[in-house]
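Asker: Next up is a structure, given as C-alpha cells.
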Amino acid sequence: MKLIFAAALFISTCAFAAPAYNDPKPQRYDLKARASVIDPKAKEHPEIEFVFEKKGKPSDEEHAMVDTRVAPQGKLVVWLMGYSAPLFERVSSYGLHAIQVHYANSWFGKFGNDSPGSDGMLLGKIRLEAATGEDVSNLVSIPKPDGMMERAHQFVKWLAKENPQAHWEQFLAADGKGLDWTKVIISGSSHGSTTSARFAKQVRVDRVVMFCGPRDQYETWQGLPSATPENRFFGFSHVLDGGWSGDHYCRSWQLLGLSKFGPIVNVDQAKPPYGNTRRLITDADVKKDDKRAHSSVVPGGAAVKTADGKFIHEDVWRYLFTQPVDQVGEPVPADEDCTMDLRAKAK
C-alpha cells in the first residue's frame, strides 16, 4: 500500500511539473498578433469605444513573451493593461510565460463615475462581464469572444502553434474549452489591477498582482467570498498616488482580507521578503508628481532609478510574482485611519 501511495504521489507531482523547453536555440521570444486575426468571432464594440483600429493603426495587438533560457515555473502571467516591455522582460526572466490581451475594457470612460449612486456592485458587474464574457451587467453587452477569458484562450492556442518550443499548450484546460486558470497569475495596473482583483474573486487563479490598485472606492465587491484564497493577492502602490489620499487602496486591501497576512510595509525601508506581507508601498522620490507616483510602481519610464540608472524596485517586482504564497506574515488589526464607507463620505 505504501508503495502504491508513493507511486501515486510521484505521478501526481510529475503531472503538475512544468514541461522542460525543447528549444535548440534558447532565447527570449517576443511575439505579437492581432486579436481580430486570431479569432474571427472577435468583434468591435464602438458603443464603448472598443475598436480594432484607431487613427489608422491597429489597436487590437496582443503581446507575449517567454525566455527559454530560464527554467520554466509552469505559470502564465495574464496582464490586463497596455503592453509593458520592461515588465514582460522581468517576469520572463523569472521563468514565467506572459501575455497581454486586448479585451473589451474601454467601458470605464463611460461608466467609471456612476458608482456612488449604485448598489455597490455596478462597476464590479461590468468588470466581471468584460473579463468573463458572461451576461452579468445590464449596462454593457460583451459576448464571450470579446471578454478577457476567451481572448486569452485564443491567444494561447495561437502561441502553442506559433512558438511550440515554449510549450504554451500547458496552460490550456484539459477539456479544451479555455485556460487552466489555476496556473495563471492575473495582474494589471490601475484599471487593470482592479479588474484582476474582481476576476480573481470569481475564478480561482494562482496569484493576483495588483499595481496601483484596486480601486472602485464606492463599491463593495471587494468583500465578497473569494474563489482565489486571500493569501494569493499581492498589492504595491506609491503613497503619493491619489488612491492613497482618498483611502481607496487601504480600503480595498482591507476588504480583500490582506491584513490577515501582515502590516503595510514600506519597501524602501525594508528588505525582502518584507515580513511576507501582501501590502507593499513606496515613498520613493517622484518629484511630488502624483501622476508619476501612480505608474511608478510598474517597470517603465515612470519607475524610480538609482543614480547609475538601475530600477530601485527590482526585488519588489520579483517578490510580487514569485514569493511562495504559503509564506505569510502575522495578522494585524484593521487600519484605524482608513475610511471604509466612502459612499457616505461622498454624499
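Throughout, read-outs are computed from the coordinates displayed, never taken from laboratory work. Treat the numbers as computed from the prediction; the structure is a model and nothing was measured. As a convention, Cβ positions derive from the backbone with ideal geometry for all residues, glycine included, and neighbour counts pool all protein chains shown.
Asker: Take the alpha carbon atoms of segment 206-249, find their radius of gyration, then divide it by 2.2 N^0.38 Å using N residues; give the quotient.
Answerer: Details: Rg = 11.3 Å, N = 44, 2.2 N^0.38 = 9.3 Å.
Scaled against compact globular proteins, the figure is 1.22.
Asker: Counting Lys and Arg as +1 and Asp and Glu as -1, what is the net charge of the other residues whose Cβ lies under 9 Å from the Cβ of Phe171? Provide the component values of the computation, followed by the final result.
Answerer: Numbers: positive: Lys75, Lys183; negative: Glu169, Asp180.
Here the charged neighbours net out to 0.
Asker: Follow-up. State the Cα centre-to-centre distance between segment 258-290 and segment 135-188 in whole Å.
Answerer: Going from one Cα centre to the other spans 32 Å.
Asker: So for the chain, Kirkwood radius off the Cα pairs, Stokes-Einstein at 37 °C and 0.692 mPa s: how many µm² s⁻¹?
Answerer: Numbers: Rh = 20.9 Å.
Translational D for this selection: 157 µm²/s.
Asker: Here's something else I'd like to know. State the Kirkwood hydrodynamic radius of segment 19-82 in Å, one decimal place, computed from all pairs of distinct Cα atoms.
Answerer: Values: mean 1/r = 0.0696 Å⁻¹.
Averaging 1/r across every pair of different Cα atoms and inverting gives 14.4 Å.
Asker: While we're here: Between Arg28, Arg207, Arg278, where does the largest GNM mean-square fluctuation fall for the chain, given springs only between Cα atoms within less than 10 Å?
Answerer: Arg28
Asker: Sorted from fewest to most neighbouring beta carbons within 10 Å, what does the list Leu96, Leu123 look like?
Answerer: Numbers: Leu96 22, Leu123 27.
Fewest-to-most Cβ neighbours within 10 Å comes out as Leu96, Leu123.
Asker: Obtain the radius of gyration and the Kirkwood radius of segment 242-347 from its C-alpha atoms and give Rg over Rh. Before the final figure, lay out each step's value.
Answerer: Numbers: Rg = 15.0 Å, Rh = 15.1 Å.
The Rg/Rh ratio comes out at 0.99.
Asker: Could you identify which residue out of Asp67, Asp283, Asp119 has the top mean-square fluctuation in a GNM of the chain using Cα springs shorter than 10 Å?
Answerer: Asp119
Asker: Next question, about the same structure. Taking segment 95-238 as the region of interest, what is the percent of Cα-Cα pairs per 5 angstrom bin, listed from the shortest bin to the one with the maximum distance?
Answerer: Cα pair-distance distribution for segment 95-238, in percent: 2, 10, 19, 23, 20, 14, 7, 3, 1, 0, 0.
Asker: Report relative contact order for segment 78-143 in percent, whole number only (criteria: Cα-Cα under 8 Å, sequence separation at least 6).
Answerer: After rounding, I find 22 percent.
Asker: Would you kindly calculate the mean projected area, averaged across all directions, of the convex hull enclosing the Cα atoms of segment 181-330, in square nanometres?
Answerer: Spelled out: convex hull of the Cα atoms, projected over all directions, averaged, 8.2 nm².
Asker: Under the definition of Cα pairs under 8 Å and six or more residues apart, what whole-number percent is the relative contact order of the chain?
Answerer: Working: 678 pairs, mean separation 45.7, N = 347.
Reported relative contact order: 13 percent.
Asker: Additional query: Where both partners of a DSSP beta bridge lie in the chain, what percent of those bridges are antiparallel, to the nearest 5? Don't skip to the answer; put the middle values down first.
Answerer: On the way: 15 of 38 bridges.
So the antiparallel bridges amount to about 40 percent of the total.
Asker: Right, something else. Of Ser84, Ser296, Ser252, which has the largest mean-square fluctuation in a 10 Å C-alpha GNM of the chain?
Answerer: Between Ser84, Ser296, Ser252, it is Ser84 that shows the largest mean-square fluctuation.
Asker: OK, next. Can you give the relative contact order of segment 107-176 as a percent, counting alpha carbon pairs under 8 Å and 6+ residues apart? Spell out each step's value before the answer.
Answerer: Values: 65 pairs, mean separation 12.0, N = 70.
Once divided by the residue count of segment 107-176, the mean separation gives 17 percent.
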